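A.B. asks: What follows is a single structure, and I will ask about it in a moment.
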Amino acid sequence: MEHLSAESRAATHAAAARERRDIVSGEVRDEAELIRFVAGPDGLVVPDLARKLPGRGLWVAADRASVDAAAKKNLFSRAAKAKLQAPPDLSDQVEMLLKRRLLSALGLARKSGDLTSGFEKVSSAIKGGKAAWLIEASDGAHDGRRKLWAQARKQSPPPGLLGVFTAAELGLALGLENVIHTAFLAGRAADRWTQDVKRLSGFCPLLPESWREEP
């Protein structure tokens, strides 16, 4: 019984360790919903998306409005109890770093076999219920995307749809040419990737505006 109680305490401690207080709203939230910042050696506020940089973490909800508010209201300094300077483009920095992180993860997923590309392979993954995400080049043709998304909507639940990256950006990340259609296969890697996609959604739309008018 004592052994079980120790396990229970450990589990509770681990769960608590994954929750942090947002310095803007004061709410305690899961780390997956937050962006960690630290004080750099020059007194600048630095995003720490991997949560590995040394120093006290300053946590902010993963959305542009919250990061902007933390910077404008000097909340980083207040939370750190030290004079810190937040760059005026801090939200843009977070967006850029999240995109880099997502592209890097796509490259790793391809090497581990968790990613497939090309219309036929992606179509097969969707029909087999294996696709967690349909990743379409933002500058790809409407016709192929429409056909794949029609297949995806028949799944329950349907895979997510992301259209943030160009064909060139996807190609560079995957080491391939002319990457238009990609599927991230369901699994732990896709689950981790999904967390960063959700964080990115607080800083930019996940789909181009023009796609919203497509049938």
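A.B. asks: Using a 1.4 Å probe and counting only protein heavy atoms, arrange D22, D191 so the residue with the most accessible area comes first.
C.D. replies: I get D191, D22, largest accessible area first.
A.B. asks: Given segment 110-215, what count of lysine pairs have C-alpha atoms under 14 Å apart, with each pair 8 or more places apart or on different chains?
C.D. replies: The number of close lysine pairs in segment 110-215 is 5.
A.B. asks: Once fully extended, how much extra length lies between R192 and D89, figured as 0.36 nm per residue of separation less the alpha-carbon to alpha-carbon distance?
C.D. replies: 34.4 nm
A.B. asks: Once phi is turned into ³J(HN,Hα) by the Karplus curve 6.51 cos²θ - 1.76 cosθ + 1.60 with θ = phi - 60°, what whole-Hz value does each residue of segment 112-120 show in order, with x for glycine and proline?
C.D. replies: Each residue of segment 112-120 in turn: 8, x, 8, 9, 9, 9, x, 4, 5 Hz.
A.B. asks: For n ≥ 4 DSSP H runs only, could you compute -39500 (n - 2.57) per run for the chain, divide by its residues and tell me the 222 nm figure to the nearest 500?
C.D. replies: It lands at -13500 deg cm²/dmol.
A.B. asks: Given a 1.4 Å probe and every protein chain left where it sits, what share in percent of the accessible area of segment 72-146 is carbon and sulfur?
C.D. replies: So the carbon and sulfur contribution to the accessible surface is 49 percent.
A.B. asks: In percent, how large is the relative contact order of segment 52-140, given Cα pairs closer than 8 Å and 6 or more residues apart?
C.D. replies: Normalised by residue count, the contact order of segment 52-140 is 15 percent.
A.B. asks: Sticking with this structure for a sec: Could you tell me which residue out of V197, S124, A50 lies farthest along the dipole of the chain toward its positive end? Charges go on the beta carbon: Lys and Arg +1, Asp and Glu -1, centred on the Cα centre.
C.D. replies: Selected residue: A50.
A.B. asks: While we're on this one: Please report the relative contact order for segment 135-186, taking Cα pairs under 8 Å with a sequence separation of at least 6, and give it as a percent rounded to a whole number.
C.D. replies: After rounding, I find 50 percent.
A.B. asks: Right, next: Note the full-extension length gain between R101 and R56 as 0.36 nm times their separation in residues minus their Cα-Cα distance, in nm to one decimal.
C.D. replies: 14.0 nm
A.B. asks: Here is a follow-up. In units of 2.2 N^0.38 Å, what is the alpha-carbon radius of gyration of segment 90-191?
C.D. replies: 1.02
A.B. asks: To the nearest 10 square angstrom, what accessible area does V122 show with a 1.4 Å probe?
C.D. replies: The value for V122 is about 0 Å².
A.B. asks: Follow-up question, since we're still on this one. In square angstrom, what is the accessible area per residue of segment 169-212 with a 1.4 angstrom probe?
C.D. replies: 54 Å²
A.B. asks: Additional query: Going by amide H atoms built from the backbone, whose H comes under 5 Å of the H on L34, apart from near neighbours?
C.D. replies: HN-HN under 5 Å from L34: A62.
A.B. asks: Could you state the accessible area per residue of segment 63-144 in Å², with a 1.4 Å probe and every protein chain left in place?
C.D. replies: 54 Å²
A.B. asks: Using just the alpha carbons, could you tell me how many Å³ per residue the convex hull of the chain encloses?
C.D. replies: So the per-residue hull volume is 169 Å³.
A.B. asks: Suppose we flag trypsin sites (Lys or Arg not before Pro) only when DSSP calls them loop and at most 15 other Cβ atoms lie within 10 Å. Which is the longest uninterrupted stretch of the chain?
C.D. replies: Within the chain, the longest run free of exposed trypsin sites (Lys or Arg not before Pro) spans 84-152.
The values are calculated or read from the model by the stated rules, or taken from the named source; none is laboratory data. Here the structure is a predicted model, which is why all the values come from computation and not from measurement. As a convention, Cβ positions derive from the backbone with ideal geometry for all residues, glycine included, and neighbour counts pool all protein chains shown. To get the accessible areas, we keep the full protein, side chains included, count just its heavy atoms, and leave off ligands, DNA and RNA. Shrake-Rupley method; radii C 1.70, N 1.55, O 1.52, S 1.80 Å.
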